[in-house]
Amino acid sequence: LMIPKTKGKIIPIEPSSPSAAAMSRFVRRLAGIPWRQIAGEASSVGLLMAQGLCAVHVVSEHVLGVAFPRGPSMLPALNMAGDVLLTDKVSPRRGWVGPGDVVLLLSPEDPRKIVAKRVLGMEGDEVTYPVDAGNSDATKTVVVPQGHIWVQGDNIYSSNDSRQFGPVPYGLVKGKMSYRIWPPSRIGSIDSKE
């Protein structure tokens with residue numbers, strides 16, 4: 001829009017084309033929008049979402065998490081795939097893990113991998129285990145050293161566990177699997193074998 005000056009007065013010229021008129025209406029509408037209020041509300045919502053995500057992260061890492069174990073080592077207690085389990089992250093820090101509990105732990109062989117195993121012995125316990133379950137009846141007895149636990153899969157024929165890598169430092173335990181929430185047919189507490 002061109003606005004000519006006439007003897008000190010500014011006289012707006014009506015747009016001659018329909019597109020110029022549409023543009024003029026658009027500019028007036030934009031000028032009427034409360035941009036500062038919208039920006040303030042958007043930043044408040046963004047901050048609230050960030051705080052919510054932080055809270056979810058803290059709870060899932062330090063209080064209660066969800067685990068999706070896979071593989072045959074914990075058959076029949078856990079399915080090969082498809083189970084969704086609640087994982088108590090407080091119990092390991094409080095020392096509330098004992099024989100019979102199913103735990104999540106960092107693999108001593110590959111620290112990038114998290115595995116699910118059953119605790120069979122705590123520090124000072126004597127554990128007798130089959131040396132080669134599939135081929136012989138030979139057993140071996142060990143005493144679990146201080147600060148360690150002995151873990152094994154329920155399916156001893158298809159589990160890489162303390163029989164291969166020895167006692168596991170207690171600090172590698174990341175959670176205690178306490179409750180199955182999926183599949184619906186098996187919802188409930190996880191069996192504790194002692």
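The values are calculated or read from the model by the stated rules, or taken from the named source; none is laboratory data. From a predicted model like this one, the values you see are computed outputs, not experimental measurements. No Cβ is skipped: glycine too gets one built from the backbone with ideal geometry, and neighbour counts run over all protein chains shown. All accessible areas refer to the heavy atoms of the entire protein, side chains included, with ligands and DNA or RNA removed. Shrake-Rupley method; radii C 1.70, N 1.55, O 1.52, S 1.80 Å.
Conditions (1) over 19 Å from residue 120 (Cβ atoms); (2) under 20 Å from the mean Cα position of the chain (by Cα); (3) part of a strand (DSSP E or B), marked per residue:
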{"position": "50", "(1), (2), (3)": "yes, yes, no"}
{"position": "53", "(1), (2), (3)": "yes, yes, no"}
{"position": "66", "(1), (2), (3)": "yes, yes, yes"}
{"position": "69", "(1), (2), (3)": "no, yes, no"}
{"position": "76", "(1), (2), (3)": "no, no, no"}
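If we keep just the residues of the range 129-154 that are hydrophobic (A, V, I, L, M, F, W, C) and open to solvent by 60 Å² or more (accessible area, probe 1.4 Å), which is modelled with the lowest pLDDT? Spell out the reasoning first.
Residues of the range 129-154 that are hydrophobic (A, V, I, L, M, F, W, C), as a first pass: 131, 133, 138, 142-144, 149-151.
Restricting the remaining residues to those that are open to solvent by 60 Å² or more (accessible area, probe 1.4 Å) gives 131, 143.
Numbers: 131: 86, 143: 97.
Ranking the candidates gives 131 first.
It is to be established whether one or more residues within the range 85-102 are at negative phi, open to solvent by 90 Å² or more (accessible area, probe 1.4 Å) and among the polar types (S, T, N, Q).
Here is the first cut: in the range 85-102, the ones at negative phi are 85-94, 96-99, 101-102.
Still in the list and also open to solvent by 90 Å² or more (accessible area, probe 1.4 Å): 93-94, 96.
Retained after the next criterion (residues that are among the polar types (S, T, N, Q)): none.
No, because not a single residue in the range 85-102 is at negative phi, open to solvent by 90 Å² or more (accessible area, probe 1.4 Å) and among the polar types (S, T, N, Q).
For residues that are of a type in the set (D, E, K, R) and closer than 22 Å to residue 70 by Cβ, scanning just the range 170-194, find the one that is least open to solvent (accessible area, probe 1.4 Å). Walk me through it before giving the result.
First, pick out the residues of the range 170-194 that are of a type in the set (D, E, K, R): 174, 176, 180, 186, 191, 193-194.
Still in the running and closer than 22 Å to residue 70 by Cβ: 174, 176, 180, 186, 191, 193.
Numbers: 174: 87, 176: 42, 180: 12, 186: 77, 191: 105, 193: 106 Å².
Out of the qualifying residues, it is 180.
Go through the range 160-169 residue by residue and tally those that are touching a residue at least 60 places away in the same chain (Cβ under 8 Å) and open to solvent by 50 Å² or more (accessible area, probe 1.4 Å).
Total satisfying the criteria: 2.
With respect to residue 53, determine if the residue is farther than 30 Å from residue 150 by Cβ, out of contact with any His (no Cβ under 9 Å at 6 or more places or on another chain) and at pLDDT 95 or above.
So residue 53 fits the description; yes.
Which members of the range 104-119 meet the condition of being among the charged types (D, E, K, R) and assigned to a strand (DSSP E or B)?
117, 118
Can residue 128 be described as free of Cβ contacts under 8 Å to residues at least 60 places away in the same chain, not charged (D, E, K, R) and not in a helix (DSSP H, G or I)? Don't jump to the end; show me each part of the working.
Numbers: free of Cβ contacts under 8 Å to residues at least 60 places away in the same chain: yes; not charged (D, E, K, R): yes; not in a helix (DSSP H, G or I): yes.
Criteria met by residue 128.
If you scan the range 164-178, which residues turn out to be aliphatic (A, V, I, L, M), under 19 Å from the mean Cα position of the chain (by Cα) and under 14 Å from residue 99 (Cα atoms)? Spell out how you get there, then give the answer.
Here is the first cut: in the range 164-178, the ones aliphatic (A, V, I, L, M) are 168, 172-173, 177.
Cutting the leftovers down to under 19 Å from the mean Cα position of the chain (by Cα) gives us 172-173, 177.
Result: 173, 177.
When you go through 44, 17, 24 one by one, which is the residue that is modelled with pLDDT of 85 or more and polar (S, T, N, Q)? Quick ask: steps written out before the conclusion?
Values: 17 fails: modelled with pLDDT of 85 or more; 24 fails: modelled with pLDDT of 85 or more.
Of 44, 17, 24, the one residue that is modelled with pLDDT of 85 or more and polar (S, T, N, Q) is 44.
Give just the number: which of (1) out of contact with any Asp or Glu (no Cβ under 8 Å at 6 or more places or on another chain); (2) surrounded by 13 or more Cβ atoms within 10 Å (Cβ to Cβ); (3) not in a strand (DSSP E or B) does residue 157 not satisfy?
In the conditions (1) out of contact with any Asp or Glu (no Cβ under 8 Å at 6 or more places or on another chain); (2) surrounded by 13 or more Cβ atoms within 10 Å (Cβ to Cβ); (3) not in a strand (DSSP E or B), residue 157 misses (2) alone.
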